[in-house]
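Read through the structure below, which is laid out as structure tokens, and then see the notes.
The values are calculated or read from the model by the stated rules, or taken from the named source; none is laboratory data. These figures come from a predicted structure and were not determined experimentally. Counting neighbours? That spans all protein chains shown, and the Cβs are built from the backbone with ideal geometry, glycine included.
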Protein chains: 2
Amino acid sequence: MRASDKAYAALRDDIIEWRLAPGTVLTEVEQSERLGISRTPLREALGRLSAEGLTAAGGRGVVVTDISLEDIDELFELRETLEGRAAALAAERGDAATFEQLRRELLHAPELIGGAEPALQAYYDLVGRLDAAIDAAISNAYLAQAMRSLRVHLVRVRRLAADDAERLTAAAAEHAAIAEAIAAGKPRLAEAATTVHLHRSLSHVKATHVPHQKEHHG
Amino acid sequence: MRASDKAYAALRDDIIEWRLAPGTVLTEVEQSERLGISRTPLREALGRLSAEGLTAAGGRGVVVTDISLEDIDELFELRETLEGRAAALAAERGDAATFEQLRRELLHAPELIGGAEPALQAYYDLVGRLDAAIDAAISNAYLAQAMRSLRVHLVRVRRLAADDAERLTAAAAEHAAIAEAIAAGKPRLAEAATTVHLHRSLSHVKATHVPHQKEHHG
DNA sequence: ACTTCCTTCAGTGTATACACAAATCCCCGC
DNA sequence: GCGGGGATTTGTGTATACACTGAAGGAAGT
């Protein structure tokens, strides 16, 4: 693994998991020493992060970007646009058997949610497989790319919300509805189910959202 | 201006204007010598280009990406999704006077189109101002960013088509219709007008498209 | 003649040194 | 005591040297 990849992954995780608070300035020498690499690969990592919008390269050093409540609204507005269309396209072009299988698994998801850590991870993986199946079904590299770049920010937002078992169970049912609509080849329904799911998701995030306090070092 | 910015702008223009054929491998030492800079800033430029999708960093050296006919279809599919929604949002949130003014100017655009080079540039600027006005009106940084990253590829596609005066005149009328719908505050109509415009645009591109032959150097 | 191994080399990945810009801080003058 | 100007420090931008890897070409053996 290249040093720049390692630095990118480390910094990306630190930002997504809110270990690096928004507003933190990432100095090249400091971070390169922390990660045990040189400035050159670190700069590449910072460039990638800034391209994704996780950091912003303002005048002196790059700073970790913040996510405000307005940002979350904007994020979900774009998400609704992209994923709604993606679900519709998947219903038109996707393989019914694939999504039927996913739907069946999603109906059994509540058993995973109540469980401990590994079972919960299995649930998240399942949702991830639904996303991947949609990505593959739409056969549109540009749309898939746009959604991928969105998901980075969404993971960050998800960490802000309290994902209780109740919400996760409901979300699983919503996902199952999306998979069912796609499997049935109903684009309008798939888009509507996605819209419903995203609105409920957004409501939950905004309801349980607790502002992260910035950890001012020093 | 930084050396990396200069390199980025130069390479970006070379690719967009099809002076660098798809499949061309951009070697770091070669390009850095050609542009009169060092490898370090050039690498940053190549990184940005690859992030945008203008180049792909496969194993050995980065290569200029190709745009196939399927790519154009996918590109316009995403474009329809994003710009349709953007037009609708602009109709909801935009300032009527701004778009009314743009509509009036677009109605006079045919006078510019017939003219020589500078007048044609004035027309392209006018269309660009409409795009910028929509970007500003939607007040959604993520959506605006997604559209910006798309436009790079669209400029590249536009260079493939023969933009005759007839098509440009029709396009101006379609743009005027979009501006009118936004000014009138009619989201559905604005989205529909955008859809119509993009489909006509796509048809024109595909009808007049001439495949670029790759210039194999040596 | 074909295959295989070794050599060589082109090219990237990384580290480091140097140059330059900006911000801060201290000292001197008032 | 306060303000201004210069030095110092901090950090980025760029260049270059070195290491490593993967590929291509040739030579030798079968």
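Looking only at the stretch B:55-76, count how many residues are in a loop (DSSP other than H, G, I, E, B) and within 16 Å of DNA strand C (Cβ to nearest atom).
Start the filter on the stretch B:55-76 by keeping residues that are in a loop (DSSP other than H, G, I, E, B), which leaves B:58-61, B:65-68.
Right, trim to within 16 Å of DNA strand C (Cβ to nearest atom) and you get B:58-61, B:65.
Number of matching residues: 5.
Among the residues of the stretch A:18-42, which ones are within 14 Å of DNA strand D (Cβ to nearest atom), among the charged types (D, E, K, R) and under 17 Å from A:Thr65 (Cα atoms)?
Residue satisfying the conditions is A:Glu28 alone.
Restricting to the stretch B:93-121, count the residues that are surrounded by 14 or more Cβ atoms within 10 Å (Cβ to Cβ) and in a helix (DSSP H, G or I).
Adding up the residues that qualify gives 15.
Please pick out the residue among B:Leu75, B:Leu82, B:Leu54, B:Leu89 that is under 22 Å from A:Leu49 (Cβ atoms), crowded, with 19+ Cβ neighbours inside 10 Å and hydrophobic (A, V, I, L, M, F, W, C).
Of B:Leu75, B:Leu82, B:Leu54, B:Leu89, the one residue that is under 22 Å from A:Leu49 (Cβ atoms), crowded, with 19+ Cβ neighbours inside 10 Å and hydrophobic (A, V, I, L, M, F, W, C) is B:Leu54.
Any residue at all in the stretch B:3-12 that's assigned to a helix (DSSP H, G or I), surrounded by 15 or more Cβ atoms within 10 Å (Cβ to Cβ) and over 23 Å from the mean Cα position of the chain (by Cα)?
The answer is yes; a qualifying residue exists.
Only one of these conditions is not met by B:Glu215: (1) modelled with pLDDT under 95; (2) part of a helix (DSSP H, G or I). Which number is it?
(2)
Does B:Leu126 meet the test of being of a type outside the set (Gly, Ala, Ser) and within 13 Å of chain A (Cβ to nearest Cβ)?
Working: of a type outside the set (Gly, Ala, Ser): yes; within 13 Å of chain A (Cβ to nearest Cβ): no.
The answer is no for B:Leu126.
Looking at A:Ala172, A:Ala181, A:Ala161 in this structure, which one is out of contact with any Pro (no Cβ under 9 Å at 6 or more places or on another chain) and either under 17 Å from A:Leu78 (Cβ atoms) or surrounded by 16 or more Cβ atoms within 10 Å (Cβ to Cβ) (or both)?
A:Ala161
For residues that are over 16 Å from A:Ile16 (Cβ atoms) and polar (S, T, N, Q), scanning just the stretch A:32-54, find the one that is farthest from DNA strand C (Cβ to nearest atom).
Result: A:Ser32.
I'm told A:Met1 meets every condition in (1) within 14 Å of DNA strand C (Cβ to nearest atom); (2) more than 23 Å from B:Ala146 (Cα to Cα); (3) at pLDDT 95 or above except one. Can you identify the failing condition by its number?
All conditions pass for A:Met1, except number (3).
Being more than 14 Å from chain A (Cβ to nearest Cβ) and out of contact with any His (no Cβ under 9 Å at 6 or more places or on another chain) is the requirement here; does B:Ala9 meet it?
Here the answer is yes, as B:Ala9 does meet what is asked.
Could you check, for the stretch B:100-120, whether at least one of its residues is under 26 Å from B:Thr27 (Cα atoms) and away from chain A (no Cβ under 14 Å)?
no
From the list B:Ala9, B:Ala45, B:Ala51, pick out the single residue that is closer than 25 Å to A:Met147 by Cα, within 16 Å of DNA strand D (Cβ to nearest atom) and not assigned by TED's automatic domain parsing to the domain that holds B:Glu191.
B:Ala45
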